[in-house]
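**Student:** After the structure tokens below, expect a handful of questions from me.
Any read-out appearing in this document is the output of simple, stated calculations on the displayed coordinates, not a laboratory observation. The model shown is predicted, which means the values in this text are computed figures rather than measured ones. Here the Cβ positions follow ideal geometry from the backbone for every residue, glycine too, while neighbour counts run over all protein chains shown.
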Amino acid sequence: MGRVKLVNKRERWGCTIWAWLLFVVLLALLFVGFVSNIVSFLSAEDTIDAKILIVEGYVPDYAFSEVMRIFNDDNYDLLIAAGASYDQGFYISGIETAAHLIYRSLVKLGFDTTRMAMAPNPPGVFRDRTYYTALMTKKYIQSHLQDVDKVNIISLGTHSRRSRYLYRLVYEPDIQLGNIVIPDRVLNSKNWYKSSRGFRTVLNETLGFIYVRCAFSPPDTIELSQNFTQD
């Protein structure tokens, strides 16, 4: 009667020290490439010839003068202020959404109100806000500017590629969409990881872009009851 074996000996292939060293070098090169190029990748710009300009999202104050310059230099016909509700501050400021803030700021700087409109998100939208912003602006264009077939959106820095992707999901093929990038002054494109704000911004936008490309699914049914108003 043979003995019962509890262990056995097998031949296997394994990585040598040189293989592990090569693996570490490749990881280091990938990391350096990511650090050096991620800001420019997320801030990609693709401007087209259009007469409608959309300003979306949380635009800092220093960007408004640049928005006005772009609008005037490129001879746009209409600017649409867009954006979601704020989570806090309404009881003090009385400003409901980012769209209202953009509109009021530009008016304060002397922008012609006859060449500007608002398309704010409906109240209570706290998820997929950029996607809803795209829906609301397209609804405005199709309701008031039926002949428009090209638009540009303005976004801030590293949010730009994600905004462009989501807007194109909504707009195209009905309306061709391009984008313009306002650089983020507080974000150094090469040394972004050396500040807390830069690290958090780039990491959040990187994960956000991966999410919309790999996991985002537009809602099957959406009720857009928000009325378009001017302040």
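**Student:** Consider Ile182 against the criteria (1) touching a strand residue (DSSP E or B) at 6+ places or on another chain (Cβ under 8 Å); (2) over 16 Å from Glu56 (Cβ atoms): it satisfies all of them except one. Which criterion is unmet?
**Tutor:** Every condition holds for Ile182 apart from (2).
**Student:** In addition: Given the options Asp74, Asp49, Asp128, name the one that is on the phi > 0 side of the Ramachandran plot and either surrounded by 15 or more Cβ atoms within 10 Å (Cβ to Cβ) or out of contact with any helix residue (DSSP H, G or I) (no Cβ under 9 Å at 6 or more places or on another chain) (or both).
**Tutor:** Asp128
**Student:** Right, here's the next one. For segment 121-163, what are the residues that are closer than 30 Å to Lys190 by Cα and not in a strand (DSSP E or B)?
**Tutor:** Asp128, Arg129, Thr130, Tyr131, Gly157, Thr158, His159, Ser160, Arg161, Arg162, Ser163
**Student:** Now for a different question. Looking only at segment 137-147, decide whether some residue is within 26 Å of Asn204 (Cβ to Cβ) and buried (at least 24 other Cβ atoms within 10 Å of the Cβ).
**Tutor:** Yes, some residue in segment 137-147 is within 26 Å of Asn204 (Cβ to Cβ) and buried (at least 24 other Cβ atoms within 10 Å of the Cβ).
**Student:** From the set of residues in segment 126-163 that are free of Cβ contacts under 8 Å to residues at least 40 places away in the same chain and of a type in the set (S, T, N, Q), which is nearest to Ile54 (Cα to Cα)?
**Tutor:** So, considering only residues that are free of Cβ contacts under 8 Å to residues at least 40 places away in the same chain and of a type in the set (S, T, N, Q), the one nearest to Ile54 (Cα to Cα) is Gln142.
**Student:** Are any residues in segment 172-211 out of contact with any Lys or Arg (no Cβ under 6 Å at 6 or more places or on another chain), closer than 17 Å to Arg129 by Cβ and not acidic (Asp, Glu), and if so, which ones?
**Tutor:** Matches in segment 172-211: Thr201, Asn204, Leu207, Tyr211.
**Student:** I need the full set of residues from segment 83-100 which are free of Cβ contacts under 8 Å to residues at least 60 places away in the same chain and touching a strand residue (DSSP E or B) at 6+ places or on another chain (Cβ under 7 Å), in order please.
**Tutor:** Listed by number, the residues that qualify are Gly83, Ala84, Ser85, Tyr86, Glu96, Thr97, Ala98, Ala99.
**Student:** Of all residues in segment 184-212, which are surrounded by 13 or more Cβ atoms within 10 Å (Cβ to Cβ), outside any loop (DSSP other than H, G, I, E, B) and among the charged types (D, E, K, R)?
**Tutor:** Of everything in segment 184-212, just one residue is surrounded by 13 or more Cβ atoms within 10 Å (Cβ to Cβ), outside any loop (DSSP other than H, G, I, E, B) and among the charged types (D, E, K, R), namely Glu205.
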